[in-house]
Every structure is written in C-alpha cells, then in structure tokens.
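Since the structure comes first, as structure tokens, the remarks are kept for the end.
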Amino acid sequence: MKLRYKIATGLVAVLVVAITVLAVVLSHDAPCAPPPGAAPGAETMQAVSYTCYGGPEVLTVAEVEKPAPAADELLVRVRAAAVNPLDWHYMRGSPYIMRLGVGLGAPDRPWLGVDFAGTVEAVGAGVRNFKPGDAVFGGEFGAFSGYVTLSADGAVAPKPSSMNFDEAGSLGIAGLTALQALRDKGRVQPGQKVLINGASGGVGTFAVQIAKAMGAEVTGVCSTRNVELVRSLGADEVIDYKQTDYTQSGRQWDVIVDNVGNHSILANRSVLADDGRYVIVGAPGGDWLGPLLRPLLAMLIDPFVGQELVMLMAQQSAEDLEALASLAESGQLRATIDRRYGLEEIADAIRYSETGRARGKIIIEVND
C-alpha cells in the first residue's frame, strides 16, 4: 500500500475514533445527585432543581437558600413563570450537542425555568432604574422558584398594567421569538402576506397578533380544534392542516414563520414568493442531528436562491420586552393561557408541554 493511502486510512481511523469518543461523552448521563440544600439558619425558598439529565422524573422541588442581590442586581419575588420547550431541552440535555455549553454528564446549573413575572423585593446599591414594589417581567435562569436575582440592565422590564402576572409571565421567550422572527428575520412590511405554521402554540399565538399589528395579511395554520382560537387572535385566514396542506395550495406568501417543521424546506419554498423569507423557529426533535438538519440545509441552499432561508435563535432583550409590553398596553397583544400548575406540579407541566398540544402558554403559579 502506498504511503499516502496509509496516511489517509490512519486519518480516517483517528476521525472515527474521535467521533465515537465524542458521541459517548455527549450522550453519557451521570446519576442524579441530591438537590442543593441551604445552610442552617439561612432564609429559604422553594426552587425546581435537576441534578441529572432525563425526563420530568428528575425534577425536584427543593428547599434552597434565598438569594440576595448584588450591587447591580434586582431580587424579584416570582409570582408566575412560563414553561417553554427550552426548559425540557435543558432538562433532557437534548440535542446532545447543547451539553457542550450546559454540562457534560450532568447540568452545570441545577436550576430550571426562564420566563417570570413578579415584584421587585430588593435592589442592589447601584440600581437606579427599578425600586422595591415595582411589578416586572423578563427572563433569567432559575425562574421556577420563589425568588430570582438578575442584572437590572438585563432582560427585565416593567409589567404591562393591562396584564396580570400570569399573562405577563407568558410573554418572555415566546413573545420575543415571535417579534424577532417577524421583525428582524422576516422584515415584515404592511400589506405583505404572512403565514404562521403552528399558529396555536406559544410562539404562534403571539406571532399572529404581532404580524397583524405590523399591518400584514395573516394566515394561520393549526389543527381543527384550534381554528376558532387562531381566528379570534386576528388571523385573516386559518388553514386546518388536517384538511389542507398549505404547501400544496398553489398560493404564495411573502413571509413564512415555521414553528413546526413538518414540511420540507423545498415544499415551503414552493409557496414562498420569489423574494420571500422563510424563518425557521421550530424543527423536528431528536438527540443527534434531527433538530440541526433543517437549519443546515437552509444554510446550504440560501446562497443559491433569491429567497431568504434563515433560522432564528431568539435573544433576550429588555428593549424588545418593552416593545411587547407596549403592544399589550395598546390592546394589540394578549396572552393565551392553556393551563396553570403549581410549583409542586412542575413535572406534570413539563409532560404536558412535551406533548406539543398546548394552546398558547403553560403557566407555573408560585404560591404567596
């Protein structure tokens, strides 16, 4: 065998071994450890903890030490928090590639939840933009708890007076995703035709309303049982996917926001205007490449077509939270809440979220 073939064979063997080792490391689940506790005599609160990856059974409502704000932080008493798919992706450590950032074998941070609404209980010495008693909403890890601390310059904004805590707590991730998908990636203009695939879910219910507020002609896609809900949110037309496949309609839309990923990119392109924009928000599940294939394919196709095929990774933003609050105050945005659970029912709430059948948002109410 010639030397170059021996070298090539050796390199391939090394690559195969490296990929195998990486796969084993990424997919390894360490055993669960006891939940964090509190020092004797410390003031405590309840918080949802997970010390290993797995299903809802790994979640524990633990008695932990109540945090104190740093000089630039707020201490917020949580009144309501919202469940998002992000939460159970963290809980399961799936897709496995995310474990490179959140912990190999077990989570680096044992706290769950992001969206919250509540009341500022205390502020650090350097905080000037909030004061105790302010009603706020926003996003911070560990929101499934009695209290949360976060930077006063972080993802937090005054709660819209037109919403109660449950409603404001539902706005965060889903509202930001809908807003940024339509405004930043879709660049929606008045009069454009916009299709929201998955219009009855958390992101979809907000996206329908925000697209209408932007002056678009909105088509929502959902199941039969949710047609009236989506219509009530302002959709100009609702397509029941059990009766009609929108990718076979022969029609065209200027912007498609896809929260589901149940049709191929090529099928979506066939009903997208020649200069239209296809925004990927949701994708099929899977521990390995499943959730990544659609974005990767979009990246490969995009440079060669006149249409724009992009994926959205929503960003936390106080400015965008304020934009959502302004829409709520003006009556252009309302929350759709499917079910409410107590903190001790977090496992049931996550299980329901994982079914993908929630109409709007799932709320965790934190007891007074």
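The values are calculated or read from the model by the stated rules, or taken from the named source; none is laboratory data. Just so you know, these numbers come straight off a predicted model, no measurement behind them. Neighbour counts are summed over all protein chains in view; Cβ atoms, including those assigned to glycine, are modelled from backbone coordinates with ideal geometry. Remember, those area values only see protein heavy atoms, side chains included, never the ligands or the DNA or RNA. Shrake-Rupley method; radii C 1.70, N 1.55, O 1.52, S 1.80 Å.
At a glance:
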read-out: The chain, dipole about Cα centre (Lys/Arg Cβ +1, Asp/Glu Cβ -1), debye to the nearest 20; value: 1140 debye
read-out: The stretch 1-104: relative contact order in percent, alpha carbon pairs under 8 Å with at least 6 residues between; value: 24 percent
read-out: P(r) tail fraction, the chain - alpha-carbon pairs more than 40 Å apart, %; value: 19 percent
read-out: Computed over the stretch 192-330, the ratio Rg/Rh where both radii use C-alpha atoms and Rh is Kirkwood; value: 0.96
read-out: P(r) of the stretch 108-164 over all Cα-Cα pairs, binned every 5 Å from zero, in whole percent; value: 5, 18, 31, 24, 15, 5, 2, 0
read-out: Residues with amide H under 5 Å from that of ALA216, placed H, sequence gap 5 or more; value: GLY191
read-out: Geometric extent, Cα atoms of the stretch 283-365 - Rg, Dmax (angstrom); value: 17.8, 51
read-out: Percent RCO, i.e. relative contact order, over the stretch 131-214, from Cα pairs under 8 Å lying at least 6 residues apart; value: 25 percent
read-out: Efficiency of FRET between ASP275 and THR244 - r from beta-carbon atoms, R0 35 angstrom, step 0.05; value: 0.90
read-out: Convex hull volume of the stretch 1-103 per residue (C-alpha atoms, cubic angstrom); value: 185 Å³
read-out: Å² per residue, accessible surface of the stretch 104-238 at 1.4 Å; value: 33 Å²
read-out: Fraction of beta bridges assigned by DSSP in the chain that are antiparallel (%, nearest 5); value: 55 percent
read-out: Fraction of accessible area attributable to carbon and sulfur, the stretch 137-285 (%, probe 1.4 Å); value: 45 percent
read-out: Overall dimensions of the stretch 164-224 by Cα: Rg and Dmax, Å; value: 11.4, 34
read-out: Anchor LYS66: lysines whose Cα lies under 20 Å away (excluding residues fewer than 8 positions away in-chain); value: LYS131
read-out: P(r) tail fraction, the stretch 144-272 - alpha-carbon pairs more than 21 Å apart, %; value: 43 percent
read-out: GNM flexibility winner over the chain from THR60, THR20, THR44 (Cα, springs under 10 Å); value: THR20
